[in-house]
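The values are calculated or read from the model by the stated rules, or taken from the named source; none is laboratory data. Quick caveat: nothing in here was measured; it's all calculated off a predicted structure. A quick note on method: Cβ atoms are made from the backbone with ideal geometry, for glycine too, and the neighbour counts reach across all protein chains shown. For accessibility, only protein heavy atoms count, side chains too; no ligands or nucleic acids. Shrake-Rupley method; radii C 1.70, N 1.55, O 1.52, S 1.80 Å.
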Amino acid sequence: QVQVVESGGGLVQPGGSLRLSCVVSTSIFSLFAMGWYRQAPGKQREWVATITSGRSLNYADSVKGRFTISRDNAKNTVYLQMNSLKPEDTSVYYCNKSPPGASWGQGTQVTVSA
């Protein structure tokens, strides 16, 4: 079973940037498409971005042009660079396979507030 550990969240002002990291415990990380997801209080979890094994990228319309997903297969790590952050980006951010598996990590809290 694949396990993930997300990190890099925090409190940032509107317009600021953060870089999230997710370390994935599997020997076949390079074969997986990986995604970032987020869940705001009182809302359902939503998809944010995907990077395939071939490094094709897809983004939700709400983050397109502001967020960048990338991966380092040598480090079993997927990243989410978030720029021009808005208060509506405030959520707990999770990584998982894409499409997601049943097991989720603890997530990392991102709060965008003045």
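Here is how the numbers come out for the structure above:
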quantity	calculated
Accessible area of segment 42-89 belonging to carbon and sulfur atoms, whole % at 1.4 Å probe	44
Given the chain, longest segment not containing exposed loop trypsin sites (Lys or Arg not before Pro) (DSSP; at most 14 other Cβ within 10 Å)	65-114
Equivalent-ellipsoid semi-axes of segment 47-92, from the Cα gyration tensor, Å, largest first	21, 12, 8
Segment 12-114, accessible area per residue, ligands and nucleic acids excluded (1.4 Å, Å²)	50
Those aspartates and glutamates that a straight Cα-Cα span of less than 18 Å connects to Lys97, excepting residues fewer than 8 apart in one chain	Glu6, Glu46, Asp72
Hits among aspartates and glutamates - C-alpha to C-alpha of Lys43 under 19 Å, sequence gap 8 or more where chains match	Asp61, Glu88, Asp89
Rg/Rh (Cα only; Kirkwood hydrodynamic radius) as it applies to the chain	0.94
Alpha-carbon centroids, segment 90-114 and segment 22-50: separation in whole Å	7
Segment 73-114: translational diffusion in µm²/s, Stokes-Einstein, Kirkwood Rh over Cα pairs, 25 °C, 0.890 mPa s	201
The chain: relative contact order as a whole-number percent, Cα under 8 Å and 6+ apart	38
At 1.306 mPa s and 10 °C, Stokes D of segment 2-64 from Kirkwood alpha-carbon radius, µm² per second	117
